[in-house]
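Student: Have a look at this one.
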Amino acid sequence: MKLFTPRMLSIVAVLCLSMLYFFPLWEVTLIAPQYPDGVSMYIWIHQITGDTPGTLQNVNILNHYVGMKAIEPDSIPELTYFPYVVAFLMVSGLLAAWVNRFEVYLTFLLVFGILAVLGIYDFYLWEYDYGHDLSPTAPIKVPGMSYQPPLLGEKYLLNFLAKSYPGLGGWAMGLGLALSSLATFQARRVKK
């Protein structure tokens, strides 16, 4: 059996998606003179954690000074249903491998791609809301300043350097999307 058959590629794509249950999807790190080693938040598909047990509390204290809302994982609905979305994608990928037809691989790829884009857009909206919907009674006010971290990359927010990059789970998901694209391409070649 060939290693790079559409069926095998789809199964490996599903294995990549399973990594989202074990590793963070995204990482946001804040570096400042008072935090030279940085304060890192890890955004998973079902929780938000940090590099120490008090990270989220520290981030919320810092956010309070500029008027940002507290980050409360229990009030973020995506953390409740994202595990089910990933499970649905995994089942879809296994179904594509089982049926082993171009049309099913293509459907899996399109659904995977659309959900990935929607997830990134949702994360952008979440960051936008937290960075722009500021309390008018904040202790620190800078006219015209918003505190939205970058979606991807690095940006200075006052004296903090905010770094936002995919976590290991996010990279694995990207690899899964690439492999599902390759599976679809291979299945198309076999169909011709």
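Student: Would you check if P139 is surrounded by 15 or more Cβ atoms within 10 Å (Cβ to Cβ) and not in a helix (DSSP H, G or I)?
Tutor: Considered against the rule, which asks whether it is surrounded by 15 or more Cβ atoms within 10 Å (Cβ to Cβ) and not in a helix (DSSP H, G or I), P139 comes out as no.
Student: T52 fails exactly one of the following numbered conditions: (1) in contact (Cβ under 8 Å) with a residue 60 or more places away in the chain; (2) not in a helix (DSSP H, G or I). What is the number of that condition?
Tutor: (1)
Student: Taking interchain pairs and intrachain pairs at least six residues apart, which have beta carbon atoms under 8 angstrom, with the first residue in the stretch 55-78 and over 17 Å from L157 (Cβ atoms) and the second of a type in the set (D, E) and assigned to a helix (DSSP H, G or I)?
Tutor: Filtered contacts from the stretch 55-78: E78/D122.
Student: Given the structure, is V86 β-branched (V, I, T), surrounded by 13 or more Cβ atoms within 10 Å (Cβ to Cβ), assigned to a helix (DSSP H, G or I) and touching a Ser or Thr at 6+ places or on another chain (Cβ under 9 Å)?
Tutor: When the stated conditions are applied, V86 passes them.
Student: Give me the pairs: first residue in the stretch 91-103 and touching a residue at least 40 places away in the same chain (Cβ under 8 Å), second residue of a type in the set (K, R) and not in a loop (DSSP other than H, G, I, E, B), beta-carbon distance under 6 Å, and six or more apart or on different chains, which are they?
Tutor: Taking only residues 6 or more apart or on different chains, the pairs are A97/R7; N100/R7; F102/R188; F102/K191.
Student: Kindly indicate whether any position in the stretch 89-103 is polar (S, T, N, Q), surrounded by 14 or more Cβ atoms within 10 Å (Cβ to Cβ) and on the phi > 0 side of the Ramachandran plot.
Tutor: yes
Student: Shifting gears a bit: With the structure loaded, tell me whether S40 is under 30 Å from A183 (Cα atoms) and polar (S, T, N, Q) or whether it fails that test.
Tutor: So S40 does not fit the description; no.
Student: Restricting the first residue to the stretch 116-142 and requiring it to be under 30 Å from S181 (Cβ atoms), which pairs with a second residue that is at pLDDT 95 or above and polar (S, T, N, Q) meet a Cβ separation below 9 Å and a spacing of at least six or different chains?
Tutor: E127/S164
Student: Since I31 meets every condition but one in (1) under 24 Å from I76 (Cα atoms); (2) of a type in the set (V, I, T); (3) not in a helix (DSSP H, G or I), which condition does it not meet?
Tutor: Only one criterion in (1) under 24 Å from I76 (Cα atoms); (2) of a type in the set (V, I, T); (3) not in a helix (DSSP H, G or I) is unmet by I31, namely (1).
Student: Right, something else. Within the stretch 116-131, does at least one residue satisfy the condition of being surrounded by 14 or more Cβ atoms within 10 Å (Cβ to Cβ), touching a strand residue (DSSP E or B) at 6+ places or on another chain (Cβ under 9 Å) and under 22 Å from W171 (Cβ atoms)?
Tutor: Yes, because at least one residue in the stretch 116-131 is surrounded by 14 or more Cβ atoms within 10 Å (Cβ to Cβ), touching a strand residue (DSSP E or B) at 6+ places or on another chain (Cβ under 9 Å) and under 22 Å from W171 (Cβ atoms).
Student: I'd like to know if the stretch 68-82 contains one or more residues that are over 15 Å from the mean Cα position of the chain (by Cα) and at pLDDT 95 or above.
Tutor: No.
Student: Checking V59 against (1) more than 30 Å from S135 (Cα to Cα); (2) assigned to a helix (DSSP H, G or I), which single condition isn't satisfied?
Tutor: With respect to (1) more than 30 Å from S135 (Cα to Cα); (2) assigned to a helix (DSSP H, G or I), V59 is out only on (1).
Student: Criterion first (modelled with pLDDT of 95 or more and of a type outside the set (A, V, I, L, M, F, W, C)) does Y130 satisfy it?
Tutor: It is false that Y130 is modelled with pLDDT of 95 or more and of a type outside the set (A, V, I, L, M, F, W, C).
Student: Also: Within the stretch 152-172, is even one residue surrounded by 13 or more Cβ atoms within 10 Å (Cβ to Cβ), touching a strand residue (DSSP E or B) at 6+ places or on another chain (Cβ under 8 Å), hydroxyl-bearing (S, T, Y) and farther than 20 Å from K69 by Cα?
Tutor: yes
The values are calculated or read from the model by the stated rules, or taken from the named source; none is laboratory data. In this text the structure is predicted, and so the values were computed from the model without any measurement. Methodologically, a virtual Cβ is constructed for each residue, glycine included, from the backbone with ideal geometry; neighbour enumeration extends over all protein chains shown.
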